[in-house]
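Following: one structure in structure tokens, then a few remarks.
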């Protein structure tokens, strides 16, 4: 146990050794005291055996099975109009096309260091690295034509280099640009924001700010409203701060780095030329929250016809899994219930990847990341721990 005392009577108590602490702001205008107990718990990796997969928990009538294996570390998944999957692997720097009917039919269609977010629009594949956005036409055989570099000057990424992109109902290309840090005062106004631009990369503008790291975002089909999952900050304890589902609206800000969750004030920071109270007043609250540190990833609305009717218009999100919580959180897929176009509640949809036991007291055989609705109405789920893409189907 390490106890560190700072000026302005701010005391931090951390239940770990050699833990990195946020740098305190210089203008200490808000004296106060906080005691924080934080944990590092890394679940041990297990093999994804048939027995473990069979033991996963899903609602009655649903089935999960391995669809494609040996994919390295699959990240973002998108589905093309012909039903094929395009899967990025940031570590390998590749995008792989997989036939939806036969997973053995696959080809690496792109090699690009740090490629991550993907989007398909008007027969073109768009893809993003840390600082650049590209596009390439999709050929009839699924391969890509000559690429065009649309953007070359995205801001530095730092702690959150996993850029994601998507096309909105307005026909503009949106990009999530995470913060460079856990909590800090960014110098580039585009960090910790959602931006948008025309499909050729021109006209770039900030849509919303105060978003620490919104990897998963999508538009509700009926209202066309943009929703995104933002990851809460680390080192504030096992239950703070929650993962946030935000309705992202133009011109609004969402709290970070001064206000977290439903109004938690960041005692480390002083708001330049303003106050925590004013920043709080000006910030939007999340519409729903989930367990802290679960680490939300890809987010998709269900528009298929295979699942029961009550799933139509709901959404799913993958939770990659925690490292800064005891007990661990995440390692699951969640269902977000929508009623009349608005989110109302969250329930687990796929769980069981995390089990008790192992050197740290916990073990896991998947880290869910990619998520996409298949053309036949099933759901593709990517695991970047074992290089597996699962298919979730409904049999009734």
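Bear in mind these aren't lab numbers, they're just calculated from the coordinates by the rules spelled out. These numbers come from a predicted model, not from an experiment. Neighbour counts are summed over all protein chains in view; Cβ atoms, including those assigned to glycine, are modelled from backbone coordinates with ideal geometry.
Which value at 222 nm does the chain reach when only helices count, each DSSP H run of 4 or more adding -39,500 (n - 2.57), with the total divided by all residues and rounded to the nearest 500 deg cm²/dmol?
The helix contribution divided over the chain gives -500 deg cm²/dmol.
Can you give the translational diffusion coefficient of the range 250-396 in µm²/s, computed by Stokes-Einstein from the Kirkwood radius over Cα pairs at 4 °C and 1.567 mPa s?
75
How large are Rg and Dmax for the range 144-271 when only the alpha carbon atoms are used, in Å?
Every Cα atom of the range 144-271 included, Rg and Dmax give 15.1, 51 Å.
For the residue pair residue 342 and residue 205, what label-to-label distance in nm results when each label sits 7 Å from Cα along the Cα-to-beta-carbon direction?
For the pair residue 342/residue 205, the computed spacing is 2.7 nm.
Which value results when the Cα radius of gyration for the range 256-296 is divided by 2.2 N^0.38 Å?
Scaled against compact globular proteins, the figure is 1.26.
Neighbour counts of other C-beta atoms within 10 Å: give me 193, 318, 35 arranged from fewest to most.
35, 193, 318
Which residues does the label zone of residue 65 cover in the range 94-122, counting backbone N under 17 Å from a point 7 Å along Cα→Cβ?
99-105
Provide 240, 147, 205 in ascending order of the number of other Cβ atoms located within 10 Å of each residue's Cβ, fewest first.
205, 147, 240
Tally the DSSP beta bridges in the chain and give the antiparallel ones as a percent, rounded to 5.
Bridges in the chain are about 95 percent antiparallel.
How high is the FRET efficiency from residue 185 to residue 224, r the C-beta distance, R0 35 Å, rounded to 0.05?
Step by step, r from the Cβ atoms, then E = 0.55.
Could you list 290, 256 in order of exposure, starting from the residue whose Cβ has the fewest other Cβ atoms within 10 Å?
290, 256
Consider the candidate values [x] 146; [y] 167; [z] 136; state which one is volume of the Cα convex hull per residue in Å³ computed from the structure displayed.
Only one listed value fits the structure, namely [z].
Hey, rough spin-label estimate for residue 108 and residue 376, points 7 angstrom out along Cα→Cβ, what's it come to in nanometres?
That separation, rounded to one decimal, is 2.9 nm.
Just to check, using Stokes-Einstein with a Kirkwood Rh over alpha carbon pairs, what's the diffusion coefficient of the range 54-95 at 4 °C and 1.567 mPa s in µm²/s?
Reported coefficient: 104 µm²/s.
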